[in-house]
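The values are calculated or read from the model by the stated rules, or taken from the named source; none is laboratory data. Treat the numbers as computed from the prediction; the structure is a model and nothing was measured. Cβ placement follows ideal geometry from the backbone for every residue including glycine, while neighbour counts extend to all protein chains displayed.
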Amino acid sequence: MTKLIARRLGRTNRQVTTLGLGGQASLQWTAEGIDPVAIIEKAFRLGLNYG
């Protein structure tokens, strides 16, 4: 698996991935029968930390 690229967020020392997940959209517009929480948890397990 390829490691995700991370960069400093603004003037903070927080490192966030350059790829993010639209967590709010996942919760509001996920198709019927799909668990949006599972999508968010999987993204986090895969290394995404910017939502």
Flag if residue 49 is exposed (fewer than 11 other Cβ atoms within 10 Å of the Cβ) and without any contact (Cβ under 8 Å) to a residue 60 or more places away in the chain: no
Matching residues in the range 8-34 - criterion: being loosely packed, with under 11 Cβ neighbours inside 10 Å and of a type in the set (D, E, K, R): 8, 11, 32
Residues within the range 10-20 that are in contact (Cβ under 8 Å) with a residue 12 or more places away in the chain and not in a strand (DSSP E or B), tallied: 3
The range 16-51: number of residues that are modelled with pLDDT under 90 and touching a Phe, Trp or Tyr at 6+ places or on another chain (Cβ under 7 Å): 1
Subset of the range 21-51 (residues that are assigned to a loop (DSSP other than H, G, I, E, B), polar (S, T, N, Q) and closer than 22 Å to residue 7 by Cβ): 49
In the range 21-51, the residues that are of a type in the set (S, T, N, Q) and touching a Ser or Thr at 6+ places or on another chain (Cβ under 9 Å): 49
